[in-house]
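Read-outs throughout are calculated quantities, based only on the coordinates presented, and are distinct from any laboratory measurement. Just so it is clear, the structure is predicted and the values come from calculations on it, not from any experiment. Note that each Cβ is placed from the backbone with ideal geometry, even for glycine, and that neighbours are counted across all protein chains shown.
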């Protein structure tokens, strides 16, 4: 799947993650509130968790499985978090997910929604898919709110994702077209 970076919204730009982002994303893992829903084992050092996370996204790029990208604020150039499209297996079906993780100091500024909408639009504009999903831990209320603001609705409460029941939010192409 062809995938590009350098997407822009009103306040944000995107770029592919690199190994240079490992120490930057460390902040995410150093905050227990921030990473409470992360599936990378917490018995590892935070630096190792950041390395695993960033390297996994870079592996996704090389395998044409899309991947999260760095979200950079235009006003300061700060790394706010990650967002992007991910090829995922849910209930034995291949889906394209809009995923996101933000450093807590950037919460509440609308960046997650702005970037999620940017990737939602990119997904429908560049891939022939009937819908896009977001897989969210049932206890992750902030991420559910982002999914709703991204035009998604809860379609399944116990979708099998990474061996765990997750909430599956979805927006269809027809629903997306009605937003334009």
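Calculate the length of the line joining the C-alpha centroid of segment 106-180 to that of segment 1-65, in whole Å.
So the separation of the two Cα centres works out to 18 Å.
Once the Cβ-Cβ distance between residue 125 and residue 33 is put in as r, and R0 is 45 Å, what FRET efficiency do you end up with, to the nearest 0.05? Walk me through the numbers before you get to the answer.
Working: r = 34 Å, r/R0 = 0.76.
After rounding, the FRET efficiency stands at 0.85.
Can you give the extra length, in nm with one decimal, that the chain gains between residue 73 and residue 164 once fully stretched, where that is 0.36 nm per residue apart less the Cα-Cα distance?
Numbers: separation 91, 0.36 × 91 = 32.76 nm, distance 3.32 nm.
Full extension of this stretch gives 29.4 nm more.
Rank these for me by crowding, 134, 39, 50, going from fewest to most other beta carbons within 10 Å. Please report the intermediate quantities before stating the final value.
On the way: 134 27, 39 12, 50 23.
Least crowded to most crowded, the residues run 39, 50, 134.
Tell me what the chain gives for mean residue ellipticity at 222 nm when only DSSP H runs of n ≥ 4 count, each as -39,500 (n - 2.57), the sum divided by the residue total, rounded to 500 deg cm²/dmol. Write out the running numbers ahead of the final one.
Working: 5 runs with 58 residues, N = 180.
That calculation yields -10000 deg cm²/dmol at 222 nm.
What's the extension gain from residue 93 to residue 179 if we count 0.36 nm per residue and subtract their Cα-Cα distance? Before the final figure, lay out each step's value.
On the way: separation 86, 0.36 × 86 = 30.96 nm, distance 2.64 nm.
Length difference between fully extended and current span is 28.3 nm.
Out of all DSSP beta bridges with both ends in the chain, state the antiparallel percent to the nearest 5.
On the way: 35 of 36 bridges.
If we restrict to bridges inside the chain, about 95 percent are antiparallel.
Quick one: order 156, 180, 145 by neighbouring beta-carbon count within 10 Å, fewest to most.
Details: 156 17, 180 6, 145 13.
Sorted ascending by nearby Cβ count, the order is 180, 145, 156.
Using 7 Å Cα-to-Cβ label points, what is the residue 149/residue 105 separation (nm, one decimal)?
With each label placed 7 Å out from Cα toward Cβ, I get 2.0 nm.
If each residue's Cβ is checked for other Cβ atoms within 10 Å, how do 95, 8 rank with the fewest at the top?
Numbers: 95 20, 8 11.
Going from sparsest to densest Cβ surroundings: 8, 95.
As an exercise, take the mean of 1/r over every pair of distinct alpha carbons in segment 12-179, invert it, and state the Kirkwood radius in angstroms.
Working: mean 1/r = 0.0619 Å⁻¹.
Its Kirkwood hydrodynamic radius stands at 16.2 Å.
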